[in-house]
Amino acid sequence: MSYQRARSFKACVNCKALVRKEEEVCPICGSREFSEEWYGMVIVINPEKSKVAKLLGITKPGRYALKVGV
């Protein structure tokens, strides 16, 4: 994914889910707090079988930031 395409997302401050900038509510946790300062990306398809998802505390499939700035 190019840098420009990646920057079309913002990160939920609560669960680190990456959503399109036009989204107003996080589809993962329902939060309305977002940050445009985020770093790294992981895409989880099957959180039940993913060691990375378990390590990061991710329980729902989706695109997540590794680090979110406020």
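The values are calculated or read from the model by the stated rules, or taken from the named source; none is laboratory data. Quick caveat: nothing in here was measured; it's all calculated off a predicted structure. Quick reminder, even Gly has a Cβ in these numbers, built from the backbone with ideal geometry, and neighbours come from all protein chains shown.
Miscellaneous remarks
- Residue count for the range 33-54, restricted to those that are part of a helix (DSSP H, G or I) and touching a Pro at 6+ places or on another chain (Cβ under 8 Å): 2
- Pair list, Cβ < 7 Å and 6+ apart or interchain, from the range 23-52 residues that are more than 13 Å from Tyr64 (Cβ to Cβ) to residues that are surrounded by 11 or more Cβ atoms within 10 Å (Cβ to Cβ) and polar (S, T, N, Q): Ser31/Asn14; Glu33/Asn14
- Odd one out for Pro47, checked against (1) surrounded by 11 or more Cβ atoms within 10 Å (Cβ to Cβ); (2) out of contact with any helix residue (DSSP H, G or I) (no Cβ under 6 Å at 6 or more places or on another chain): (2)
- Failed item, numbered, when Lys10 is tested on (1) at pLDDT below 95; (2) closer than 17 Å to Gly69 by Cα; (3) basic (Lys, Arg): (1)
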